[in-house]
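Here the structure comes first, spelled out in structure tokens, and everything after it is commentary.
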Amino acid sequence: MSQADFASLKERFAYLTERDSADHLSVNCPAKHLLEFCTSLRDELGYDLLLDVTAIDWDVQTSPRFTGIYHILSTTHHNYIRIASDCLEDAQPSLPSLAGIFPAANWHERETYDMMGIRYEGHPDLKRILMWEDYPYHPLRKEFPLAGIEVPFPAADVAESANAKVLPAPMMGGPFVSPSGGTMREIEPQAKDESWTEKEEQH
Amino acid sequence: MATTNEISIGDLGARAGEAEEELKGESMALNIGPSHPTTHGVLRLLAELDGDIITKCEPVIGYLHRGDEKIAENMTYNQFVPYTDRLDYLAPLANNVAFAMAVEKLAALEVPERCQAIRVLCCELARISSHLLGIGVFGMDAGAWTVFMYTFTEREKLYTLFEELTGARFTTSYTRIGGVARDIPEGWLGRVTDFINGVLPVLDEIDKLLTRNRIFVDRTQGIGTISREDAIAYGLTGPNLRASGVDLDLRKDKPYLGYENYDFDVPVGTTGDCYDRYLLRAEEVRQSVCIIRQVIDTIPDGSFYAEDAKRIFSPPKEKVLTSMEALIQNFMITTEGPQIPAGEAYFEAENPKGALGFYVVSKGGGVPYRLKIRGPSFCSLSILDKLVPGHYMTDITVILGSLDFVMGECDR
């Protein structure tokens, strides 16, 4: 169980490609080989502590749009590995679930499903974890606005009697900025909703 | 002598079996939380009880979800520092440091030695603060209320030190990308020494109150045992992992901030039960005290921020007000954020609750494209549905107390 470098990994797993990385060993693995690769990593190469499962949304027009990211640490030789796996479908992204080999993946994948809408095939209980069960959106997708979108209140009986709704956050004067790039005027920190003024607030 | 017994052993067994049949189906659903003193925040447990024994336990989280990752994508790196205070709000200084380190890793920026030493001080004081609370409330969960008073008194002294250093007792926001907000105040190190000299006798006091306390030992030993394999499989980190016998401490195994220069031990448990987790935290406080002493003895002079990182760290106020170049630099960083190159980096720090990880994806500029926060408490709680069944209902409080989680970083 020595430290694996990319060359030796590539020799064994021909489908891997190297991924640009500012820190540790980082590989791209096609989704169909992910399960097999991670099983070998855990059983033969000592990468046994799954730390993090997440995904990146590369924006609406990009294809492949979603990339699943895994960080695994070895408790024996103390090296990290990052595995990136592109989701094939952009409209209904999915990846194989690692919950069978790493129980830690169970909650992480539920979170990624909740936030990004990636379906993990073979997950024992894929349901929302941070948002409530009937929530209709996946908030970490790039098209989802920071303020949120109006949705019905989770408890139907309360919603009916109190006429309660989940409203978007009022974005007045907060420290929120538009994404980087563009002219100076555009990248300056600014409130997104500029209709708000102190005068109106006092009414 | 030759009396015959009307009820034979076989009959007894059969009758007991019948009785058990009768009792089946009487399981009770118990809803603990989300607002309950033992859940230490807003954790909800859906438990199923068979008499006093828990047969099923499903944690429900998300009540404190604020969308920190979404917010991070919409603000500059320095603006996000106050949000890191609110992850593990029992050790905000350690979170500040971890976040700054992650972004600096992506920018391949090395901070000066003095800055590193200050950050080590921050991390270890935060660890003492968090563990003192962890031990205090754990004792309280197990019925030993007195300990909490001792630990909270010490934490109060720590808060005074934090206030002097950062200007805030609780939400410190002390680090900036490329340095810290200000240098340590005059005479502060002496007051830290006074504090750590005072905390050791208190630890001994806690030791006397808990370690051989019959009630405490009975309630914690053999309870909530996490095997080595389970601890790794469920991604536990920090004290909860080490209590199960896995010798993994990122300060030793992946040294950052010059931890390799300090001499300290990493305590490792043997059984992984609640009692082990208590012992481990108590020992970690002692080791932190040991690290702090070494930092104070060896703290180098120099700058508290990376002076050559002109597009990342905004210079101190006195320079901004006296030098044109510093003023422009300050203006650019305030408006556009610290300029971080495109790429991705993952950094984890050994925080009091476990490994707090930040995965930063940048497309260049002052705003992260994606920021994933890996909260150790999230993983510590995911093991509950495996750990809790089979225990008595009263053990839930003890198990929760021993895991020392915080919902701020679990729900993010």
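With respect to (1) modelled with pLDDT of 90 or more; (2) closer than 22 Å to B:ALA355 by Cβ, the lone exception for B:ARG114 is condition (2). For B:LEU132, state whether it is of a type outside the set (Val, Ile, Thr) and over 30 Å from A:ASN106 (Cβ atoms). Taking the combined requirement at face value, the residue satisfies it. Every residue in the range B:143-165 that is under 20 Å from the mean Cα position of the chain (by Cα), farther than 16 Å from B:GLU205 by Cα and surrounded by 18 or more Cβ atoms within 10 Å (Cβ to Cβ), please. Result: B:LEU158, B:LEU161, B:PHE162. Which of the residues belonging to the range A:91-106 are facing another protein chain (nearest Cβ under 8 Å) and either among the acidic types (Asp, Glu) or surrounded by fewer than 23 Cβ atoms within 10 Å (Cβ to Cβ) (or both)? Passing the criteria: only A:PRO103. Scan the range B:292-313 for residues that are assigned to a loop (DSSP other than H, G, I, E, B), within 31 Å of the chain's Cα centre (by Cα) and either modelled with pLDDT of 90 or more or not acidic (Asp, Glu) (or both) and jot them down. The answer is B:ILE299, B:PRO300, B:GLY302, B:SER303, B:PHE304, B:ALA306, B:ALA309, B:ILE312, B:PHE313. Of the strands (runs of 3 or more DSSP E) contained entirely in the range B:314-412, those carrying at least 3 residues that are more than 9 Å from chain A (Cβ to nearest Cβ) and not acidic (Asp, Glu) fall at B:354-362.
Here's the yes/no breakdown for (1) at positive phi; (2) more than 9 Å from chain B (Cβ to nearest Cβ); (3) crowded, with 21+ Cβ neighbours inside 10 Å; (4) over 19 Å from the mean Cα position of the chain (by Cα):
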residue	(1), (2), (3), (4)
A:SER21	no, no, no, no
A:LEU25	no, yes, no, yes
A:GLU36	no, yes, no, yes
A:SER40	no, yes, no, yes
A:LEU45	no, yes, yes, yes
A:ASP57	no, no, yes, no
A:SER63	no, yes, no, no
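When you check B:GLU69 against the structure, is it touching a Leu at 6+ places or on another chain (Cβ under 6 Å) and within 14 Å of chain A (Cβ to nearest Cβ), yes or no? When the stated conditions are applied, B:GLU69 passes them. Is it true that B:PRO338 is touching a helix residue (DSSP H, G or I) at 6+ places or on another chain (Cβ under 8 Å), on the phi < 0 side of the Ramachandran plot and surrounded by fewer than 19 Cβ atoms within 10 Å (Cβ to Cβ)? When the stated conditions are applied, B:PRO338 does not pass them. Here A:LEU73, A:LEU49 are screened, and the one residue that is within 9 Å of another protein chain (Cβ to nearest Cβ) and in contact with a Gly (Cβ under 7 Å, 6 or more places away or on another chain) is A:LEU49.
Of the residues making up the range A:76-88, those that are of a type in the set (S, T, N, Q) and at the interface with chain B (Cβ under 10 Å from one of its Cβ atoms) number 2. Restricting attention to the range B:211-232, the residues being in contact (Cβ under 8 Å) with a residue 40 or more places away in the chain, within 14 Å of another protein chain (Cβ to nearest Cβ) and of a type in the set (A, V, I, L, M) number 2. Quick one: would you say B:GLU260 is assigned to a helix (DSSP H, G or I) and under 19 Å from the mean Cα position of the chain (by Cα)? No; evaluated as a whole, the condition is false for this residue. For the range B:76-89, the count of residues that are in contact with an Asp or Glu (Cβ under 8 Å, 6 or more places away or on another chain), crowded, with 24+ Cβ neighbours inside 10 Å and farther than 24 Å from A:PRO168 by Cα is nonzero. Can you find a residue in the range A:118-130 that is under 14 Å from the mean Cα position of the chain (by Cα), surrounded by fewer than 22 Cβ atoms within 10 Å (Cβ to Cβ), farther than 26 Å from B:LEU43 by Cβ and more than 11 Å from every other protein chain (Cβ to nearest Cβ)? Checking the range A:118-130: at least one residue is under 14 Å from the mean Cα position of the chain (by Cα), surrounded by fewer than 22 Cβ atoms within 10 Å (Cβ to Cβ), farther than 26 Å from B:LEU43 by Cβ and more than 11 Å from every other protein chain (Cβ to nearest Cβ). Flag: B:LEU109 matches the condition of being modelled with pLDDT under 90, crowded, with 20+ Cβ neighbours inside 10 Å and either under 24 Å from B:GLY187 (Cβ atoms) or out of contact with any strand residue (DSSP E or B) (no Cβ under 8 Å at 6 or more places or on another chain) (or both). Among the residues of the range B:352-361, is there at least one that is touching a residue at least 60 places away in the same chain (Cβ under 8 Å), farther than 23 Å from B:MET75 by Cβ, buried (at least 24 other Cβ atoms within 10 Å of the Cβ) and in contact with a Phe, Trp or Tyr (Cβ under 8 Å, 6 or more places away or on another chain)? Scanning the range B:352-361 turns up at least one residue that is touching a residue at least 60 places away in the same chain (Cβ under 8 Å), farther than 23 Å from B:MET75 by Cβ, buried (at least 24 other Cβ atoms within 10 Å of the Cβ) and in contact with a Phe, Trp or Tyr (Cβ under 8 Å, 6 or more places away or on another chain). Among the residues of the range A:62-78, those that are in a loop (DSSP other than H, G, I, E, B), free of Cβ contacts under 8 Å to residues at least 60 places away in the same chain and touching an Asp or Glu at 6+ places or on another chain (Cβ under 7 Å) comprise A:SER63, A:PRO64, A:ARG65, A:THR75, A:HIS78. Could you please let me know if A:THR76 is polar (S, T, N, Q) and either at pLDDT 85 or above or not assigned by TED's automatic domain parsing to the domain that holds A:GLY122 (or both)? Judged against the criteria, A:THR76 is a match. Checking B:GLY245, B:GLY222 one by one, the residue that is assigned to a loop (DSSP other than H, G, I, E, B) and within 25 Å of B:ARG374 (Cβ to Cβ) is B:GLY245 and no other.
Every condition in (1) touching a helix residue (DSSP H, G or I) at 6+ places or on another chain (Cβ under 7 Å); (2) surrounded by fewer than 18 Cβ atoms within 10 Å (Cβ to Cβ); (3) within 14 Å of chain A (Cβ to nearest Cβ) is met by B:LYS56 except one, and the failing one is (1).
When we screen B:GLY198, B:GLY178, B:GLY238 for residues that are buried (at least 18 other Cβ atoms within 10 Å of the Cβ) and over 26 Å from B:CYS379 (Cα atoms), the only hit is B:GLY178. Scanning the range B:268-291 for residues being assigned to a loop (DSSP other than H, G, I, E, B) and surrounded by fewer than 19 Cβ atoms within 10 Å (Cβ to Cβ) gives a total of 3. From the list B:ARG219, B:ARG176, B:ARG169, the lone residue that is over 22 Å from the mean Cα position of the chain (by Cα) and modelled with pLDDT under 90 is B:ARG219. Any residue at all in the range B:77-100 that is touching a Gly at 6+ places or on another chain (Cβ under 7 Å) and under 22 Å from B:SER314 (Cα atoms)? Yes, that holds for at least one residue.
The values are calculated or read from the model by the stated rules, or taken from the named source; none is laboratory data. Just so you know, these numbers come straight off a predicted model, no measurement behind them. Every residue, glycine among them, receives a Cβ derived from its backbone with ideal geometry; neighbour counts consider all protein chains shown.
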